[in-house]
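First comes the structure, then the notes that go with it.
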Amino acid sequence: MDWPSTNFCHSTKSYLLPIYFVVSLGCYGLLMVGVGLMNFPTCPQEALLLQKDVVEAKEYLKERGVDVSTS
């Protein structure tokens, strides 16, 4: 009568566990980035301030002789 093998490394693929862990961690990270982008809050006040800063920067560069025309 044969006894069952007590060598678990032979019957299972335990050496692949670190690879599975890294892959699952990467999938979780991508999922969290996707959820964060889907729930990204809109900030209309900040958008207006950013547009104002862009206009100021264009005026500053025009004074210095830099062509900032949008084409």
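Whole-Hz Karplus values for region 32-39 come out as 5, 5, x, 5, x, 6, 5, 9 Hz, taken residue by residue from phi with 6.51 cos²θ - 1.76 cosθ + 1.60 and θ = phi - 60°; glycine and proline positions read x. The residues Val22, Val35, sorted by heavy-atom accessible surface at 1.4 Å with ligands and nucleic acids left out, run Val22, Val35 from largest to smallest. Between Leu61 and Asn39, full extension at 0.36 nm per residue minus the direct alpha carbon distance yields a gain of 4.3 nm.
With a cut-off of 14 Å between beta carbons, the residues surrounding Ala57 carry a summed charge of -1, where Lys and Arg count +1 and Asp and Glu -1. Using 0.36 nm per residue and subtracting the Cα-Cα separation, the extra length available between Leu31 and Leu17 on full extension is 3.0 nm.
The values are calculated or read from the model by the stated rules, or taken from the named source; none is laboratory data. None of the values given here were measured: they were computed from a predicted structure. Glycine also receives a Cβ, built like all others from the backbone with ideal geometry; neighbour counts cover every protein chain displayed. Remember, those area values only see protein heavy atoms, side chains included, never the ligands or the DNA or RNA. Shrake-Rupley method; radii C 1.70, N 1.55, O 1.52, S 1.80 Å.
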